[in-house]
Amino acid sequence: VFSNPMIVAVNTTENSLVAGSEQDEIQPVIGVDGKGNILVAYTVVRDIFDTDVLLSASTDGGETWNAITPPWGETAEGRQLNPEMCFDPHINMLIGTYADESYPALMVFITPDASDAGSYQYDGWGGPEEISDAGITYTTLEDGTELIVTMGTGAVSPYESTCVWGYMTAEPFEFYGAYYYYDAQSVIGEYTDAKEIKGMTFSDRIYGFIFYALVGATDKYGIGIKWTTYEDEPDLEYVHNQFWLEDGSGDYNVVSPDVATSGNSIYVVYCTNENIYGNYGVYMKYSTDGGETWNRVTVVDDPTADDLYPAIYAAGDTLYVAYAKNGNVYLVKSTDGGATWEEPEQINDVDGTVSMEEGCIDICSRGIVWIDTRNGNKDIYFASLPAPIITLSITGGFGVKANICNEGTEAAENLAWSIDLSGLIFVGKHAEGTIDVLNPGECQNVGPGLVFGF
């Protein structure tokens, strides 16, 4: 079994157009299926009362893109918006959600192959009086049941702009448990105008979400966080692990959060306008012990300009944060779990064309998507990460070998590998090692070599 925590994409020298038309495309999110296909979901704005969530997929690392006809159709009635996606490795499924304001409902879709329109399933649940935002994550019950956790923001009388959530089972793909839950008399205290809800999963079975909202009776925004295991408490309103990561008590706003996890670590990036000029900078709070303790670091903060709308991807201790500034997308990287950060790199190749708005950027292991205006209206563009991409081919028989190659643009360091062979193997059933450095374009054969058995 080969395992590598940093499988990311070969860098391209030019940006590629994911979706573009005479109408505006906004709110892009990006994910990767188990086959390496990239999927981008986005919202197309037909008019103020008519928006649709559409899909575009790439099978070649983001160089070219093809529209995927979604199972819900391309011209649904009313407003569908704010998609989110994540990959569940336990069921090898890319899962996504979006808010349908028409019903209202939170819709959920799953696919094992993002490039195959016939492989998609979708379902959803409703009940709240309003749904405006959407988030997604997953968890596994002790009996092996895989739950898709869908959350959003909306209204359940008399609670407006609150968080709501529900559960789907992956197999069969249907609603699970209570009809839905909502954050009424929240343990973390009263809040209003909740938005930008994001799901997270860590330590295999622990799940939860983050969001930002106006805290209490103040006029300042803060970031709330909640997490649990389903057996402990399915209703996240009452769980022990919930608090304000930042509550605006420093007389500044805390907005636009995003979250990534790796193992038992949680990384939350966000913006505050705490600098002396009142401009926004990008900060991060992170925990390496499952939320027991937290550290705060500055990712980037230029007091002369706003750094906004960060999106984060984590691969072990290597973190990537993309953000918007002065009409451009920048990428900044940390290789020590966020303690220190390298110099930012501009990603868009046409200067000043990035639309500075909430939800304008997303990032995953394969690359970055953003809203771009270089063609006169709002389109979705993509660029891959300047990072390694690790590929693997295995040959078997009496001599089992794995050929590990780096097809990316940066060296892969301390690349751990292991191979385990199942069956009636008498000799050579296990081998492991570490490749100190695998430079771009290099390959290395590893494995147990000669094997006797069946």
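The values are calculated or read from the model by the stated rules, or taken from the named source; none is laboratory data. All values reported here derive from a predicted model rather than from experimental measurement. In this analysis, Cβ positions are derived from the backbone assuming ideal geometry, glycine residues included, and neighbour counts consider all displayed protein chains. For accessibility, only protein heavy atoms count, side chains too; no ligands or nucleic acids. Shrake-Rupley method; radii C 1.70, N 1.55, O 1.52, S 1.80 Å.
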> What are the pairs, 6+ residues apart or on separate chains, where a residue within the stretch 315-338 that is more than 17 Å from ASN264 (Cβ to Cβ) and aromatic (Phe, Trp, Tyr) has its Cβ under 6 Å from a residue that is open to solvent by 30 Å² or more (accessible area, probe 1.4 Å) and not in a strand (DSSP E or B)?
Replying inline: TYR330/PRO344
> So which residues in the stretch 83-102 are over 14 Å from the mean Cα position of the chain (by Cα), of a type in the set (A, V, I, L, M, F, W, C) and open to solvent by less than 30 Å² (accessible area, probe 1.4 Å)?
Replying inline: ALA99
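Which of the residues spanning the stretch 374-392 are closer than 20 Å to ALA41 by Cβ and open to solvent by 10 Å² or more (accessible area, probe 1.4 Å)?
Within the stretch 374-392, ASN377, LYS378, TYR381 meet the criteria.
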> Can you tell me which residues in the stretch 224-254 are part of a strand (DSSP E or B) and either over 20 Å from THR153 (Cα atoms) or of a type in the set (Gly, Ala, Ser) (or both)?
Replying inline: GLY224
> Would you pick out the residues in the stretch 347-384 that are in contact with a Lys or Arg (Cβ under 9 Å, 6 or more places away or on another chain), assigned to a strand (DSSP E or B) and not acidic (Asp, Glu)?
Replying inline: VAL354, ILE371, TYR381, PHE382, SER384
> In the stretch 309-319, which residues are closer than 20 Å to CYS360 by Cα and either open to solvent by less than 20 Å² (accessible area, probe 1.4 Å) or under 13 Å from the mean Cα position of the chain (by Cα) (or both)?
Replying inline: PRO310, ALA311, ILE312, TYR313, ALA314, LEU319
>> Among the residues in the stretch 274-285, are any buried (at least 17 other Cβ atoms within 10 Å of the Cβ), free of Cβ contacts under 8 Å to residues at least 60 places away in the same chain and out of contact with any strand residue (DSSP E or B) (no Cβ under 7 Å at 6 or more places or on another chain)?
In response: yes
> Limited to the stretch 413-440, what total is found for residues that are modelled with pLDDT under 75 and surrounded by fewer than 16 Cβ atoms within 10 Å (Cβ to Cβ)?
Replying inline: 5
> How many residues, within the stretch 124-178, are in contact (Cβ under 8 Å) with a residue 60 or more places away in the chain and among the acidic types (Asp, Glu)?
Replying inline: 3
>> I need the full set of residues from the stretch 198-254 which are among the β-branched types (Val, Ile, Thr) and either without any contact (Cβ under 8 Å) to a residue 24 or more places away in the chain or open to solvent by 50 Å² or more (accessible area, probe 1.4 Å) (or both), in order please.
In response: THR218, THR228
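Let's see how each residue does on (1) part of a strand (DSSP E or B); (2) on the phi < 0 side of the Ramachandran plot; (3) over 19 Å from the mean Cα position of the chain (by Cα); (4) aliphatic (A, V, I, L, M):
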| site | (1), (2), (3), (4) |
| --- | --- |
| TRP165 | yes, yes, no, no |
| VAL187 | no, yes, yes, yes |
| ALA194 | yes, yes, yes, yes |
| ILE197 | yes, yes, no, yes |
| PHE209 | yes, yes, no, no |
| TYR212 | yes, yes, no, no |
| GLY222 | yes, yes, yes, no |
> Is there a residue being buried (at least 18 other Cβ atoms within 10 Å of the Cβ) and either free of Cβ contacts under 8 Å to residues at least 12 places away in the same chain or more than 21 Å from PHE209 (Cα to Cα) (or both) anywhere in the stretch 290-297?
Replying inline: no
> Which one of the conditions (1) at pLDDT below 95; (2) open to solvent by less than 30 Å² (accessible area, probe 1.4 Å) does TYR42 fail to meet, given that it meets all the rest?
Replying inline: (1)
>> If I ask for residues that are open to solvent by 20 Å² or more (accessible area, probe 1.4 Å) and not polar (S, T, N, Q), which ones from the stretch 320-346 would you list?
In response: LYS325, TYR330, LYS333, ASP336, ALA339, TRP341, GLU342, GLU343, PRO344, GLU345
> When the residues of the stretch 48-59 are filtered to those that are open to solvent by 20 Å² or more (accessible area, probe 1.4 Å) and modelled with pLDDT of 95 or more, which remaining residue is nearest to ILE197 (Cα to Cα)?
Replying inline: LEU54
> Among (1) of a type outside the set (Ser, Thr, Tyr); (2) modelled with pLDDT of 95 or more; (3) in contact with a Lys or Arg (Cβ under 6 Å, 6 or more places away or on another chain); (4) under 22 Å from ALA134 (Cβ atoms), which single condition is TRP294 missing?
Replying inline: (4)
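Could you look through the stretch 169-185, keep only residues that are in a loop (DSSP other than H, G, I, E, B) and over 17 Å from ALA105 (Cβ atoms), and pick out the one that is modelled with the lowest pLDDT?
The qualifying residue modelled with the lowest pLDDT is GLN185.
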> Being in contact with a Ser or Thr (Cβ under 7 Å, 6 or more places away or on another chain) and within 21 Å of CYS86 (Cβ to Cβ), is that true of even one residue in the stretch 238-256?
Replying inline: yes
